[in-house]
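Here's the structure, in structure tokens; my notes come after.
The values are calculated or read from the model by the stated rules, or taken from the named source; none is laboratory data. For clarity, every value in this text was computed on a predicted model and none was experimentally measured. Counting neighbours? That spans all protein chains shown, and the Cβs are built from the backbone with ideal geometry, glycine included.
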Amino acid sequence: MARPSAPPGSQASLREANRQRIVDALTTHGSLAQIELVDITGLSAATVSNIVRELSAAGVISTTFGSRSGRRAVQVSLTRQDGLVAALHFSSRSLTIVLADSALTTVAEKHVPLAADHRYDRELDRAALLVGDMLDGVGAELGELLAVTLSVPVPVDPETGRLAVPGLMPGWDAVDLVASLRARLDAPVVVEHGATLGALAESRGGAAVGARVAMYVAAGYSIGSGIVLDGVPFRGPRGRAGQIGHVTLDENGAICRCGNRGCLETVAGGRALLDLFSGIPGITRLSDLIADAEAGGAGARRAIADAGKHLGVAVASAANLLDPDVVVIGGELARTGETLLASVRHAVERAALDGARDLQIVGSGVAGDPEITGALLAALQVSDSSAAGRALSAG
């Protein structure tokens, strides 16, 4: 879809932006051939060659010579210390911990269930112990942990690192999560909304690459969304942007966990869908419902399609406000593919201005969980902040 390009800036700012694109590409993909940097960044071969030479002289990247398809090729990598980054991804019902190396290759992963009434202190204690065990399992020490991202299913105040909306995650309110986790792991910590991390991952290496305005919607037990504008996550000044799960669809509807009535979550969230199957044997968790739908269960497929219709109405409102290029649907419900997506698209066509005819509504383009990938990217960005800073000031 053709859109007007951003107004050109100064030569210096353009050069800085181009350097950042190369640093971001290497952060996302690890070592790349120079010709691959041309394809990924969209920059000319001459521009990439000049920037690689500048960054190599500044010590930000290293280059080696090899062969590609029988031809001599320059291989480019970020120069960084050895070490590991960690993602601690809390969803409504489970915790996933992933350790990855500096090329974002997963070296260890663990999943544990969460009690409905879990509290931050107990869970961060457990998470820290698990991280220690996982480091031992790969022959690493705690001092090799470069940075950690704590991903939570609720909005986060970007200034304080605390939860931005009280009551959405009981037992976690008013806690300085950065300080709490850093005290346990003695490493730099990022705290971020999971959907924002999903949007980051999709914009860097998934279905939203190249989009000027992109949304990622995480549809599971809860429903949230992240927004990326020109490659940069938009959170709002207090971190509350993107709360699509709390768009009111029926002002006389059921009371939501946020205290309002008729929010999207009350009709399309996992809890609401499971209530439809109360008492039906074999469907007690959202994964049961999804498995039944994937197996062709008519009732489960209908419930998920109806959820897609409600989700589409909310996406249409977001489209009218933001005019995004792409909306990526992720989360557990997205595992059902077109059962969900087709209903979302149909509702958006009916409810959005001009049918949102230029809007792409797609599933994730990230291998694995986008929110975990985004969490690892965020941790790596913190660990590479000095190198990125040198990249932006080089020359």
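Assorted remarks:
- Helices (runs of 4 or more DSSP H) contained in region 321-395 and holding at least 3 residues modelled with pLDDT under 95: 370-383, 385-393
Residue-by-condition table, conditions (1) assigned to a strand (DSSP E or B); (2) in contact (Cβ under 8 Å) with a residue 60 or more places away in the chain; (3) closer than 25 Å to E332 by Cα:
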{"site": "A86", "(1), (2), (3)": "yes, yes, yes"}
{"site": "V98", "(1), (2), (3)": "yes, yes, yes"}
{"site": "K110", "(1), (2), (3)": "yes, no, yes"}
{"site": "A115", "(1), (2), (3)": "no, no, yes"}
{"site": "H118", "(1), (2), (3)": "no, no, yes"}
{"site": "L124", "(1), (2), (3)": "no, yes, yes"}
{"site": "A127", "(1), (2), (3)": "no, no, yes"}
{"site": "A140", "(1), (2), (3)": "no, no, no"}
{"site": "L150", "(1), (2), (3)": "yes, yes, yes"}
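- Single residue of region 174-197 satisfying the filter (out of contact with any Phe, Trp or Tyr (no Cβ under 9 Å at 6 or more places or on another chain) and not hydrophobic (A, V, I, L, M, F, W, C)) that is nearest to L377 (Cα to Cα): E192
- Options A201, A211; residue that is in contact (Cβ under 8 Å) with a residue 60 or more places away in the chain, within 27 Å of H310 (Cβ to Cβ) and surrounded by fewer than 24 Cβ atoms within 10 Å (Cβ to Cβ): A211
- For D230: the one exception among (1) free of Cβ contacts under 8 Å to residues at least 60 places away in the same chain; (2) within 28 Å of A25 (Cβ to Cβ); (3) surrounded by fewer than 18 Cβ atoms within 10 Å (Cβ to Cβ): (1)
- Qualifying residue in region 92-107 (condition: of a type in the set (K, R) and buried (at least 16 other Cβ atoms within 10 Å of the Cβ)): yes
- Selection status of G171, of a type outside the set (D, E) and on the phi > 0 side of the Ramachandran plot: yes
- Enumeration of residues in region 166-180 that are assigned to a helix (DSSP H, G or I) and within 20 Å of the chain's Cα centre (by Cα): L177, V178
- Leading residue by the ranking (modelled with the lowest pLDDT) among those in region 44-62 that are exposed (fewer than 14 other Cβ atoms within 10 Å of the Cβ) and assigned to a helix (DSSP H, G or I): A57
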